[in-house]
Amino acid sequence: MRLLRIVPDNTRFRIVHWRRLAYPFSAAYSVLVLVLFLTVGLNFGIDFRGGTLMEMQAKSGKPDIAQVRQTANGFGFGEVEVQEFGGAGELSMRFAVQPGGEIAQQGVVTKARETFSEAYEFRRVETVGPRVSGELVQAGTLGVVLAILGVLVYLWFRFEMQLAIGAIVGTMHDIVLTLGFFLITQLEFNLTSIAAILTIVGYSLNETVVVFDRTRELLRRYKTMPIPELLDLSVNSTLSRTAITSTTTVLALIALVFFGGSAIEGFALVMLFGVVVCTYSAMFVSTPVLLYLDVRAGRLDQSEELAEAKARV
């Protein structure tokens, strides 16, 4: 039986050559991310902003968004965000944090149920106070920072200096592009989003380590091969593995997007984008960085010379 091959053996793609397009694209995207972050900002979810979130399903027909918004604004709980989401007939209402603590927040839920329960089915109700949301912001930010620092420390000790710098550039690149996805789509940024970012960091690390392990091996084997050819060879020799890993992950995430339901849809969309970005980054961003870091002059050759000197002794 003939085996299925997504990528043929012995490919000779000039991966490093495409840095002339990849770098300007990544730079322009990063600038766009910075501009959007300073002007538009992230669409923080109830986990970080506090308040009350209700997701409802119309029992029949299409929901009248304008009527629901007008009615909810008449409750006297401040401006209410009402929007459609998910499948047909689904909408969400978001009320701001109410003065008066938990009792006031529960009053919002009670009033909404009394008003809309006849025409709508309540699928999800979440209430988060201002103190809890502030603690979640601090804990989430600290968790992301510590995780990224841990990854950077691992990369620094895992590889020689030049390879470590290339891996760090690729990892930070993937984080910035993922934040750009949240800014452009205005997808809700909540605790699930932090979990998605941390997962993407791990996936990015995995992709980079595979390619750079092969790069280090080839640097020791072909000491006279030009660096651009050697980097192309390292990517091409791992391309089949990268294609299989990315394809199977993407297929699983597509299934989650369409059949996982609204609770996991956001996570799956971010992960789907992240897998594409990490694959692109490992081949077209972090690997070509080694061209500018004079990788042959680093500790790779020094360690080889030391080993050979010990062997002669």
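Overview of values
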item: Conditions (1) crowded, with 19+ Cβ neighbours inside 10 Å; (2) out of contact with any strand residue (DSSP E or B) (no Cβ under 8 Å at 6 or more places or on another chain); number of the one not met by THR249; result: (1)
item: Number of positions in segment 65-80 that are over 34 Å from the mean Cα position of the chain (by Cα), loosely packed, with under 14 Cβ neighbours inside 10 Å and farther than 15 Å from SER117 by Cα; result: 4
item: Which numbered condition LYS223 fails, given (1) over 18 Å from THR11 (Cβ atoms); (2) in a helix (DSSP H, G or I); result: (2)
item: Test set (1) within 23 Å of THR279 (Cα to Cα); (2) open to solvent by 40 Å² or more (accessible area, probe 1.4 Å); (3) in contact with a strand residue (DSSP E or B) (Cβ under 9 Å, 6 or more places away or on another chain) - VAL125 fails condition number; result: (1)
item: Conditions (1) at pLDDT 85 or above; (2) open to solvent by 60 Å² or more (accessible area, probe 1.4 Å): number failed by LEU272; result: (2)
item: Residue list for segment 35-82, filter: among the hydroxyl-bearing types (Ser, Thr, Tyr) and modelled with pLDDT of 85 or more; result: THR39, THR71
item: When residues of segment 111-121 are limited to those that are within 26 Å of GLY260 (Cα to Cα) and surrounded by 15 or more Cβ atoms within 10 Å (Cβ to Cβ), the one farthest from the chain's Cα centre (by Cα); result: ALA119
item: Total residues in segment 33-64, condition of a type in the set (Gly, Ala, Ser) and crowded, with 16+ Cβ neighbours inside 10 Å; result: 4
item: Close pairs from segment 154-178: first over 13 Å from SER26 (Cα atoms) and modelled with pLDDT under 90, partner of a type in the set (Phe, Trp, Tyr) and open to solvent by 10 Å² or more (accessible area, probe 1.4 Å), Cβ under 9 Å, at least 6 apart; result: ALA164/TRP156; ALA164/PHE157; ILE165/TRP156; ALA167/TRP156; ILE168/TRP156
item: Flag if VAL210 is of a type in the set (Val, Ile, Thr), surrounded by fewer than 20 Cβ atoms within 10 Å (Cβ to Cβ) and part of a helix (DSSP H, G or I); result: yes
item: Close pairs (9 angstrom Cβ cut-off, 6 or more residues apart or separate chains): open to solvent by 40 Å² or more (accessible area, probe 1.4 Å) in segment 95-110, at pLDDT 75 or above and of a type in the set (Val, Ile, Thr) anywhere; result: ALA96/THR52; ALA96/VAL80; VAL97/THR52; GLU102/THR127; GLN106/THR52; GLN106/THR127
item: Members of segment 108-153 that are among the hydroxyl-bearing types (Ser, Thr, Tyr) and modelled with pLDDT of 80 or more; result: THR110, THR115, SER117, TYR120
item: Of the criteria (1) at pLDDT below 85; (2) more than 25 Å from PHE181 (Cα to Cα); (3) open to solvent by 20 Å² or more (accessible area, probe 1.4 Å), which one GLY86 fails; result: (2)
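The values are calculated or read from the model by the stated rules, or taken from the named source; none is laboratory data. These figures come from a predicted structure and were not determined experimentally. Neighbour counts run over all protein chains shown; Cβ positions are idealised from the backbone, glycine included. Each accessible area value is taken on the protein alone, full model and side chains, heavy atoms only, with ligands, DNA and RNA left out. Shrake-Rupley method; radii C 1.70, N 1.55, O 1.52, S 1.80 Å.
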